[in-house]
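**Student:** Before anything else, here's the structure in question.
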Amino acid sequence: QAQLVESGGGLVQPGGSLRLSCAASGRTLSSYRMGWFRQGPGKEREFVSSISIGGNTFYTDSVKGRFTISRDNAKNTVYLQMNSLTPEDTAVYYCAAAPGPGLATSKIAYPYWGQGTQVTVSS
């Protein structure tokens, strides 16, 4: 069973950048498709980005061109580089993992989740 720990969240001004990390233990992430989700205040948890075992990526429209998902299998870590942040990006960001190939945007496709890291975009 994969255990996931997110880090890298914090307070940033609008237009700033953050890089979130998701480190795994217990299993090697190289055999998992990975996803990032977020949950803003009073909102449902929503899909942000996904990366396949082979490195294919997919993003929700609101973050395209601003966020980049990547993976370093040697470090057993997945990243989410977030640029040009806006207050609408404020949320708890969650890393998720699912064994197998392909990409997935649905929460129910991911059996393993981290505890989340808070990202606050405010001046």
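The values are calculated or read from the model by the stated rules, or taken from the named source; none is laboratory data. It should be emphasised that the depicted structure is a prediction, and the values quoted were computed from it without experimental measurement. Every residue, glycine among them, receives a Cβ derived from its backbone with ideal geometry; neighbour counts consider all protein chains shown.
**Student:** Can you find even one residue in the stretch 45-60 that is modelled with pLDDT under 95, surrounded by 14 or more Cβ atoms within 10 Å (Cβ to Cβ) and out of contact with any Ser or Thr (no Cβ under 7 Å at 6 or more places or on another chain)?
**Tutor:** no
**Student:** Taking the stretch 60-80, which residues are of a type outside the set (Phe, Trp, Tyr) and within 25 Å of GLY26 (Cα to Cα)?
**Tutor:** ILE69, SER70, ARG71, ASP72, ASN73, ALA74, LYS75, ASN76, THR77, VAL78, LEU80
**Student:** Wholly within the stretch 22-101, which strands (runs of 3 or more DSSP E) include no fewer than the required count, namely at least 3 residues that are over 15 Å from VAL119 (Cα atoms) and either over 13 Å from the mean Cα position of the chain (by Cα) or free of Cβ contacts under 8 Å to residues at least 60 places away in the same chain (or both)?
**Tutor:** 46-51, 57-59, 67-72
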